Amino acid sequence: MGASKHTSDVYVDRFDEIRDRLPGAGLPWLKNLRSGAIERFADCGLPNSRVEEWKYTNLSRILDPQPVLAGPSINGVHRASLKQYYLDPTPCHRMVFVNSYYRPDLSDTGVLPAGLTLCSLETALADRPELLEAHWGILHDLSEDRLSGKNDLKPHAMIALNTAFAAGGAVIHLDHNVSLDGPIHLIYLTTLEGERPAMSHPRTLVVAEAGAHATIFETFIGNGGDAHCCNALTQVAVGPGARVCHYKHQGEAPNGAHIGSSHICLAKNSTYNGFVLSDGALVSRNEIRVRLEGENVDCSLDGIYLARGNQHMDNWTRIDHMAPLGKSREVYKGVIDGAAHGSFQGKIRVWPEAIQSDARQLNKNLLLSDRAEASSKPELEILTDDVQCAHGSTVGDLDGETLFYLRSRGVGETAARNLLIDAFVGEVIDNLADVPVRKYFRNLFNHWLSEAT
Amino acid sequence: MLEIRDLHTVVDGKPILRGVDLEIVAGEVHAVMGPNGSGKSTLAYVLSGREGYHADSGEVLYDGQMLLELTPEERARAGLFLAFQYPVEIPGVPNATFLRTAVNAVRLARGEEELSAMAFLKEARAKLKQLQMDESFLNRQVNVGFSGGEKKRNEILQMAMLEPRLAVLDETDSGLDIDALKIVADGINRLRSAGRAMLVITHYQRLLDYIVPDKVHVLAEGRIVRSGGKELAVELEKKGYAEFSSAA
Ligand SMILES: Nc1ncnc2c1ncn2[C@@H]1O[C@H](COP(=O)(O)OP(=O)(O)O)[C@@H](O)[C@H]1O
Ligand SMILES: [Mg+2]
């Protein structure tokens, strides 16, 4: 761990410099949480591929030498450069963050209905610190009781780093039975800090109380071709009978890095529909932990990763069925071209009390070139009898006979390939429930296809 | 319209076509018959440009063009159509998308305008009706879960939509019951015209009762060993192909 240990010292020193200037620095619980987090980070060092959980991704490739921690003072970002990411046409609550800091001047939050809190992390720490204390605490509760009982995963170094440094992001709270007409769109842009590539740690919290209903869409982008690193963390708590649709687009700049982790807690009778599409960043990891904590939860978790050039995309998911009658559906599809590498590690764990759980997981990969590579590691751990579980994974390439069939009908080679790639992943996009979101991803995917070489 | 001269093809190191000569003029229908393994499908694949099926020597002229120099899509756009012996299943692609993409690719190449969704649908419905195919065929994924007969009808539907100048039909009769055979044959006959030629590949004479050819050729061991009128098909049906195999 020699090299990464050295690297992690830099982060620890930096933390000591800024700890008193972070938002909410005066809150004792937060102070403790941040100190604990930086200690945990120092203990672990940067994750490397010797750790099983990170076997497909070596972060030293991007974090050594380190990008500099981004500050709040970024100008020169204009609405014009963001418009292509807007959802259309829809009433929507849009918040824009630059290097994780909220930018009201670039945002359009619209009229907020009664019962919706939508604000920046800084504002929430001032106005509703108890909300953050409750949910941030859960993530970092390392007590033996919790670890031996419900949570066998300790937060890793990058989660700890986010907790230590997070100074911006969105906080969303929906009261009981509040239902939103349009989606909440969070755009996170990471760009240069001065002349140097920046590292940002955006932090999002979504809490939907009982019976509430919301669509949350997170877009992560980078500005120009700058090398940057976005280490994002999103927590979603879905209350009893509540429903959250949660979409994410990882579209960082081609030289950037994205490490995203989402933590989803689902109460009884709730519904969660998650979808992530990755087409950006040189190195990215998208990690999702879902806990079906209450009975009768309905959860879907879908993903598409589109990799080309030298891109590396790591998808890591963990679904815990912790209560009876939970249903989870997971479909991840990768299209990998050039010398890119796509990976999927997905584990489903069915706890002893989670009888009559129904879990299905599927990972499919389409390789478009001889140098493209896919790794797939689906895993089921079932600790009770009365369950239905299935998983599968495939890696294949475009079928020569099918291509010839299409070409023999006059369809050009590129068009034929695109038609087949679309047939492979397009269906996942076309089945998305929210029309504006579906349009967003459809345009994105068509654009990606049109850029094929 | 089509002139095949001394065509030789080696597939996987094995000589399959060993000097095929064949000429078809516009408006004619020729049948190519021959025992299994004699190279009929290989001939169809060489004509349509399938990978792995190249001419090692000889040449093919199509409307005066060197056909073998064109890519498969260029050949299709120039009016060549192959009805596959084994049509390919394409999961995830609706038949309508497949047909419309093909029709518009060919139209664009001819300098015509693309068909609108409405115009396409209207035309597709009319052709479906002629082939006694249900409209649901348009929504089904290409050939996925189709019966053998449905796949063959789907090939003819494509041909009807694409209106080729030269159609090569490879064992389009196999797997069809007598009613389906009549419908498919009607569909093919409807496309017979003065400007269009057809090469009908078949193992049995049965299809030729419905699609009466102008000429019949026997392909055996990689060569056209005999050519004649439609009565040759009847003779072959009686005698079989034994006299054309090297054992005879
Ligand atoms: N892709 C291939 N690989 C190897 N052998 C092939 C291939 N295609 C055809 N052949 C061989 O070529 C010969 C002719 O096959 P084919 O053209 O399919 O005959 P037919 O259609 O007349 O039954 C057969 O011996 C067959 O085994
Ligand atoms: Mg054959």
Fill in: Hull volume in cubic angstrom per residue (convex hull over the Cα atoms of segment A:231-354)
71
Item to complete: Show the residues, 5+ positions off or on another chain, whose built amide H is closer than 5 Å to the amide H of A:Ala170.
Response: A:Leu121, A:Arg203, A:Thr204, A:Leu205
Discussion item. Of the candidates B:Ala167, B:Ala194, B:Ala105, which one comes out as most mobile in a Gaussian network treatment of chain B with C-alpha springs shorter than 10 Å?
Written reply: B:Ala194
Practice prompt. Report, largest value first, the span of the C-alpha coordinates of chain B along each principal axis, in whole Å.
Written response: 57, 39, 35
Worksheet, complete the sentence: Within segment B:140-245, the percent of DSSP beta bridges that are antiparallel, given to the nearest 5, stands at 50
Discussion item. For a Förster distance of 45 Å, can you work out the FRET efficiency between the beta-carbons of B:Met118 and B:Val212, rounded to the nearest 0.05?
Written reply: 0.75
Discussion item. Need one number: nm distance between label points at A:Ile18 and A:Glu130, each 7 Å from Cα along Cα→Cβ, rounded to one decimal.
Written reply: 3.1
Worksheet item: Which FRET efficiency, nearest 0.05, do A:Glu52 and A:Thr394 yield, Cβ-Cβ r, R0 30 Å?
Response: 0.85
Worksheet entry | Most mobile listed residue (B:Ala233, B:Ala78, B:Ala126) in chain B, GNM with C-alpha springs under 10 Å | B:Ala126
Discussion item. Using 0.36 nm times the number of residues separating B:Val88 and B:Tyr204, minus their current alpha carbon distance, what extension gain do you get?
Written reply: 39.5 nm
Fill in: Per-residue mean of C-beta atoms belonging to partner chains within 10 Å, peptide B:62-75
2
Worksheet item: In nm, to one decimal, how far is the B:Asp186 label point from the A:Asn310 one, both placed 7 Å along Cα→Cβ?
Response: 6.4
Item to complete: Rounded to the nearest 0.05, what FRET efficiency do A:Arg360 and A:Asn296 give with R0 = 22 Å and r taken as the Cβ-Cβ distance? Could you check?
Response: 0.85
Fill in: Rounded to 5, percent antiparallel among DSSP beta bridges of the protein assembly as shown
15
Practice prompt. Quick one: which residues, 5+ away or cross-chain, put their amide H under 5 Å from the amide H of A:Ile304? H built at 1.01 Å from N.
Written response: A:Val276, A:Leu277, A:Ser278, A:Lys333
Worksheet entry | Whichever lysines have a C-alpha closer than 27 Å to that of B:Lys14, once near sequence neighbours (fewer than 8 apart) are set aside | B:Lys40
Worksheet entry | Largest to smallest principal axis extent of the C-alpha atoms in segment A:401-453, angstrom | 37, 20, 14
Worksheet entry | Fraction of alpha-carbon pairs over 24 Å apart in segment A:304-453 - percent | 43
Item to complete: Using Cα pairs closer than 8 Å and at least 6 residues apart in sequence, work out the relative contact order for chain A, in percent.
Response: 10
Practice prompt. Check the straight Cα-Cα distances from B:Lys122 and name the lysines below 30 Å, setting aside those fewer than 8 residues away within the same chain.
Written response: A:Lys439, B:Lys151, B:Lys152, B:Lys182
Discussion item. From the helices alone, meaning DSSP H stretches of at least four residues, give me the mean residue ellipticity at 222 nm for the protein assembly as shown, per-run term -39500 (n - 2.57), in deg cm²/dmol to the nearest 500.
Written reply: -8500 deg cm²/dmol
Response to the item:
Here the whole-number average of other chain Cβ atoms within 10 Å per Cβ of B:78-85 is 2
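Remind me, relative contact order of chain B in percent, using alpha carbon pairs under 8 angstrom and six or more residues apart?
Over chain B, the number comes to 28 percent.
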Practice prompt. Using only C-alpha positions, report the orientation-averaged shadow area of the convex hull of segment A:317-361, nm², one decimal.
Written response: 3.1
Worksheet item: Given C-alpha coordinates of chain A, what is the ratio Rg to Rh with the Kirkwood estimate of Rh?
Response: 0.95
Discussion item. Report for segment A:2-294 the percent antiparallel among DSSP-assigned beta bridges with both residues inside it, nearest 5.
Written reply: 10
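Read-outs throughout are calculated quantities, based only on the coordinates presented, and are distinct from any laboratory measurement. Note that the coordinates shown come from a computational prediction; the quantities given were computed from them, not determined experimentally. With ideal geometry, Cβ positions are generated from the backbone for all residues, glycine too; neighbour counts draw on all protein chains shown.
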